[in-house]
Number of protein chains: 2
Amino acid sequence: MPILVMKFGGTSVANPDRIKRAAKRVGLEVAKGYDVIVIVSAMAGKTNELVAWVNETSPLFDAREYDAVVSSGENVTAGLMALTLQEMDIPARSWQGWQVPVKTTSAHSAARIEEIPTDNIMKKFAEGMKVAVVAGFQGVSPQGRITTLGRGGSDTTAVAFAAAFNAERCDIYTDVDGVYTTDPRICEKARKLDRIAFEEMLELASLGAKVLQTRSVELAMRYKVRLRVLSSFEEPSDTAGTLVCDEEEIMESNVVAGVAYSRDEAKLTLLSVADRPGIAATIFTSLSEANVNVDMIVQNIAENERTDMTFSCPTDQVKRAEAALAEMKAEGKLNFGELVADTNVAKVSVVGIGMRSHTGVAAKMFKVLSDENINIKVITTSEIKISVLIDRKYMELAVQALHDAFELEKAS
Amino acid sequence: MPILVMKFGGTSVANPDRIKRAAKRVGLEVAKGYDVIVIVSAMAGKTNELVAWVNETSPLFDAREYDAVVSSGENVTAGLMALTLQEMDIPARSWQGWQVPVKTTSAHSAARIEEIPTDNIMKKFAEGMKVAVVAGFQGVSPQGRITTLGRGGSDTTAVAFAAAFNAERCDIYTDVDGVYTTDPRICEKARKLDRIAFEEMLELASLGAKVLQTRSVELAMRYKVRLRVLSSFEEPSDTAGTLVCDEEEIMESNVVAGVAYSRDEAKLTLLSVADRPGIAATIFTSLSEANVNVDMIVQNIAENERTDMTFSCPTDQVKRAEAALAEMKAEGKLNFGELVADTNVAKVSVVGIGMRSHTGVAAKMFKVLSDENINIKVITTSEIKISVLIDRKYMELAVQALHDAFELEKAS
């Protein structure tokens, strides 16, 4: 039997009625002849409740205990989903992470899946079971303790199962009906994409389009897992949602696939840094050790052996970054004048694999922003994306103007 | 280090504040030099929520999935308790049933503990861990699936750990401050007992005194585990609560230790049953197969080769009993006239190991009830208890009158 992986997020399993609705979707695929592996999240709100208890109990918690507590939400949904399927006369059973076992590293709360043995579940499929319901987001460490994969980790669980079981496709059911050219909430012309390439999805995911967890897309790209993102609240259809796939499966596409944005960016500038070899390494090693995720970096041209160094990071990491740099300065390891933080910025990016073969996208982007009198503070580029940091108040205007300019409302 | 087992019920761990209060109790015992095994229930209300979801999903549920779902409440408390202890600088970690592992039979939802290997936890104690927090109520079957021990099973978990680890004592923290001569809510003269013998506690537990699960008392008696029942809401003291222990530890005691009652009893009478050898076996085998817990049984003297057979069972099992007997009749396996169910009855019992060596307790009990004009419908006795079935409306009166007559308000 061909195998299909179906993942249901928290809003899709928020209560027994929603679980029933999700189970009906599973039933349709079983009727088509698939053996199905269902990956479930915790019921919406449950993980937040558990996290709040942990934080109330122990602000600097032992991550091993955090994982033991927060993983329980998925176990509840897995059992309820198996029961719901059984009620529909579909042979099903639930698996918790340690039962499969989903073997992970021991990096608690941010563990990586290392191996998913398929024998237990395949044996049950061979015996006539039609659906294996697996608690997402969790695994077991080499020490036999429960691990979790980080928030949104159920997407990663789903893709990892699809890869391990060589599934025909991995369907991610969520509360949006697919991947859009940009966020429909801030641009009404946003258009749902039928297909998007892994690389594009990866850039969009990491740039703030919250449809899929970045790691799950990385994993899908590496193992060529065809991912479909679709809503569990729409009528079932074979063309629903967006297929995230290898670019070879996409015949023609726009040069720019989408416009992404991220509100939670901050710009930090170190003024008057001594411009000597290794200074960037010193700065960014210390930020990395302080768990600051530095995104964009710009170094100005040096004057009088002094330079300014600008970088961006998520706004909630600004305090950590400031503390780490101040400590470096106090210890005499880093010499700079002042540290200026600007937390009123946003990042806007255009993404598309067509940019590899088409020139002029950057020029057009800068012209569009300039025509709207939007000042660009920092620029970074990759092979398939261009990102700019701008004042946050212009973010929506920038997204709309770029969407119009690249005519993203039209299919290619 | 001597080992102490401490068990906290649902109300004692109902929220992070209560867990903190419970953890302080644990800290006091650690300070005395104990290595402590803490057994926790789910936060009050959580198991009911999970059970309700299961029932809503699948009225005739697969018990294996039921167990996977409902066991999650204890896992949450175990992690939170370990985190709370760590916050108090007490080295602690949590164990879920499968991690110990608590090996049980595969009788899901009513599993029995078969073995608790001590090596994992003892190794951690040897390494300096002071408290092992274990999720109660759960274990793992030979098939590697999660099992539960039935409602109230955390008491049994606690006693089983105390036996396996040869603990000095097993303290059961609950929302009452000990075992009383009767229920203080219906008899204001009820007195807390300092000590009670296992056998007496067993009769009281099975007769409806809901302080301890019956199985946990049986287990404690078999392995001579000294059990202390006490409140987590009272100030700590060495004499708090009630010690359930071997009768040899009790110097002098009243002939009658306590008066118990059970409201949820029903009386069923089969009229005009053919009085032939094996008829009782036929009836009670079929009831047992229908999972009806028959308690008291009375057979009238036969007339014309016909007799009446009366028995009692919990009220919520009456429908099941009626169905089983009707089926037997329809299949021609049992011949009787009518089945009369009386669900307006209650059971009242006096219990005391002193009854072994003192006569006249039964006579006195019947006289007291007669003086109050309470009609006795069924009587059963054991070596250390006498139970009567009476109209439910007289239950409180009977309990109060018996408590007075046996002077239970006075310590021996």
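The values are calculated or read from the model by the stated rules, or taken from the named source; none is laboratory data. Because the structure is predicted, anything quoted here is derived from the model rather than measured. Using ideal geometry, Cβ is built from the backbone for each residue, glycine included, and neighbour counts are taken over all protein chains shown. Note: areas computed on protein heavy atoms with side chains; ligands, DNA, RNA excluded. Shrake-Rupley method; radii C 1.70, N 1.55, O 1.52, S 1.80 Å.
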Exactly one of A:335, A:373 is outside any helix (DSSP H, G or I) and without any contact (Cβ under 8 Å) to a residue 12 or more places away in the chain, and that one is A:373
Given the conditions (1) outside any strand (DSSP E or B); (2) under 15 Å from residue B:269 (Cβ atoms), every one holds for residue B:362 apart from (2)
Within segment B:382-411, the residues that are open to solvent by 30 Å² or more (accessible area, probe 1.4 Å), assigned to a strand (DSSP E or B) and either in contact with a Phe, Trp or Tyr (Cβ under 6 Å, 6 or more places away or on another chain) or polar (S, T, N, Q) (or both) are B:382
Pairing a residue in segment A:50-71 that is within 8 Å of chain B (Cβ to nearest Cβ) and farther than 18 Å from residue B:46 by Cβ with any residue that is surrounded by fewer than 20 Cβ atoms within 10 Å (Cβ to Cβ) and of a type in the set (A, V, I, L, M, F, W, C), where Cβ atoms lie under 6 Å and the two sit 6 or more apart in sequence or on different chains, gives none
When every residue in segment A:342-371 that is touching a Ser or Thr at 6+ places or on another chain (Cβ under 8 Å) and small (Gly, Ala, Ser) is compared, the one most open to solvent (accessible area, probe 1.4 Å) is A:362
In segment A:243-281, anything among the hydroxyl-bearing types (Ser, Thr, Tyr) and outside any loop (DSSP other than H, G, I, E, B) is listed as A:261, A:262, A:269, A:272
Checked against (1) closer than 30 Å to residue B:63 by Cβ; (2) of a type in the set (D, E, K, R); (3) in a helix (DSSP H, G or I), residue B:114 satisfies every condition except (3)
By residue number, the members of segment B:172-189 that are open to solvent by 20 Å² or more (accessible area, probe 1.4 Å) and not β-branched (Val, Ile, Thr) are B:175, B:177, B:180, B:183, B:184, B:185, B:188, B:189
In segment B:117-149, residues that are in a loop (DSSP other than H, G, I, E, B), over 25 Å from residue A:121 (Cβ atoms) and open to solvent by less than 70 Å² (accessible area, probe 1.4 Å) total 8
Residue match in segment A:286-299 (condition: open to solvent by 40 Å² or more (accessible area, probe 1.4 Å), in a helix (DSSP H, G or I) and not aromatic (Phe, Trp, Tyr)): yes
Checked against (1) open to solvent by less than 30 Å² (accessible area, probe 1.4 Å); (2) in contact with a Leu (Cβ under 8 Å, 6 or more places away or on another chain), residue B:337 satisfies every condition except (1)
When segment A:165-177 is checked residue by residue, the ones that are modelled with pLDDT of 90 or more and assigned to a loop (DSSP other than H, G, I, E, B) are A:165, A:166, A:167, A:168
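Results for (1) in contact (Cβ under 8 Å) with a residue 24 or more places away in the chain; (2) more than 12 Å from every other protein chain (Cβ to nearest Cβ), shown as yes or no for each residue.
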site	(1), (2)
A:114	no, yes
A:120	yes, no
A:130	yes, yes
A:135	yes, no
A:139	yes, yes
A:142	yes, yes
A:145	yes, no
The residue that is nearest to the chain's Cα centre (by Cα), considering only those in segment B:223-242 that are of a type in the set (A, V, I, L, M, F, W, C) and outside any strand (DSSP E or B), is B:225
Selection over segment A:151-171 where residues are open to solvent by 10 Å² or more (accessible area, probe 1.4 Å) and more than 16 Å from residue A:198 (Cα to Cα) yields a count of 7
Against the condition open to solvent by less than 30 Å² (accessible area, probe 1.4 Å) and part of a helix (DSSP H, G or I), how does residue B:220 come out, does it pass? yes
Of those in segment A:203-217 that are open to solvent by 30 Å² or more (accessible area, probe 1.4 Å), under 15 Å from residue A:152 (Cα atoms) and in a helix (DSSP H, G or I), the residue modelled with the highest pLDDT is A:215
Picking from A:199, A:249, A:234, the residue that is closer than 28 Å to residue A:295 by Cα and touching a residue at least 12 places away in the same chain (Cβ under 8 Å) would be A:199
Practice task
Check whether at least one residue in segment A:252-274 is on the phi < 0 side of the Ramachandran plot, at pLDDT 90 or above, aromatic (Phe, Trp, Tyr) and within 16 Å of the chain's Cα centre (by Cα), and report yes or no.
Solution key: yes
Among the hydrophobic types (A, V, I, L, M, F, W, C), part of a loop (DSSP other than H, G, I, E, B) and either crowded, with 24+ Cβ neighbours inside 10 Å or touching a residue at least 40 places away in the same chain (Cβ under 8 Å) (or both): does that describe residue A:107? yes
Checked segment B:228-251 for anything at pLDDT 90 or above and of a type in the set (Val, Ile, Thr); matches are B:229, B:242, B:244
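For every residue, the table says whether it meets (1) at pLDDT 90 or above; (2) within 22 Å of residue A:255 (Cα to Cα).
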| site | (1), (2) |
| --- | --- |
| A:306 | no, no |
| A:315 | yes, no |
| A:342 | yes, no |
| A:347 | yes, yes |
| A:351 | yes, yes |
| A:365 | yes, yes |
| A:371 | yes, yes |
| A:392 | yes, no |
Picking from B:379, B:374, the residue that is surrounded by 14 or more Cβ atoms within 10 Å (Cβ to Cβ), touching a Phe, Trp or Tyr at 6+ places or on another chain (Cβ under 9 Å) and under 30 Å from residue B:275 (Cα atoms) would be B:379
Expected output for segment A:84-101 (first residue more than 9 Å from chain B (Cβ to nearest Cβ), partner surrounded by fewer than 20 Cβ atoms within 10 Å (Cβ to Cβ) and basic (Lys, Arg), Cβ below 9 Å, 6+ apart or cross-chain) is A:88/A:20; A:88/A:24; A:91/A:124
If we keep only residues of segment B:255-269 that are within 21 Å of residue B:200 (Cβ to Cβ) and in contact with an Asp or Glu (Cβ under 8 Å, 6 or more places away or on another chain), then the residue most open to solvent (accessible area, probe 1.4 Å) is B:261
Of (1) within 12 Å of chain B (Cβ to nearest Cβ); (2) within 23 Å of the chain's Cα centre (by Cα), residue A:153 satisfies every one except (1)
Against the definition (open to solvent by 10 Å² or more (accessible area, probe 1.4 Å) and among the hydrophobic types (A, V, I, L, M, F, W, C)), how does residue B:82 come out, yes or no? no
